[in-house]
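Working notes for the structure below.
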Amino acid sequence: MGTISFDKLFILMKKKQLTTYKIRKDNIIGQGTLQRLKKGESVSTDTIASLCEALNCQPADIMEYVNE
């Protein structure tokens, strides 16, 4: 079974200058959820939607399936 990688998210955040501080400050997602993303753990579709709205992107722009 593969996993979902959020590496693309952090690359896009850097490109668009959206810092983790701003994500927390603007209540885009919570600190715990941000940590889950950094660890590659599962998050809700609401979280994905919030990030896509903040980054003006599609889900495929911030995550990908990695077959192990």
**OP:** Could you please find all residues in region 38-58 being modelled with pLDDT under 95 and under 17 Å from K14 (Cβ atoms)?
**Re:** K38
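One line per residue, one yes/no per condition, for (1) among the aromatic types (F, W, Y); (2) within 14 Å of I62 (Cα to Cα):
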{"site": "G2", "(1), (2)": "no, no"}
{"site": "F10", "(1), (2)": "yes, yes"}
{"site": "Q17", "(1), (2)": "no, no"}
{"site": "Y21", "(1), (2)": "yes, no"}
{"site": "L34", "(1), (2)": "no, yes"}
{"site": "L37", "(1), (2)": "no, yes"}
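The values are calculated or read from the model by the stated rules, or taken from the named source; none is laboratory data. Since we're looking at a predicted model, the values are computed, not measured. Virtual Cβ from ideal backbone geometry, glycine too; neighbours counted across all protein chains shown.
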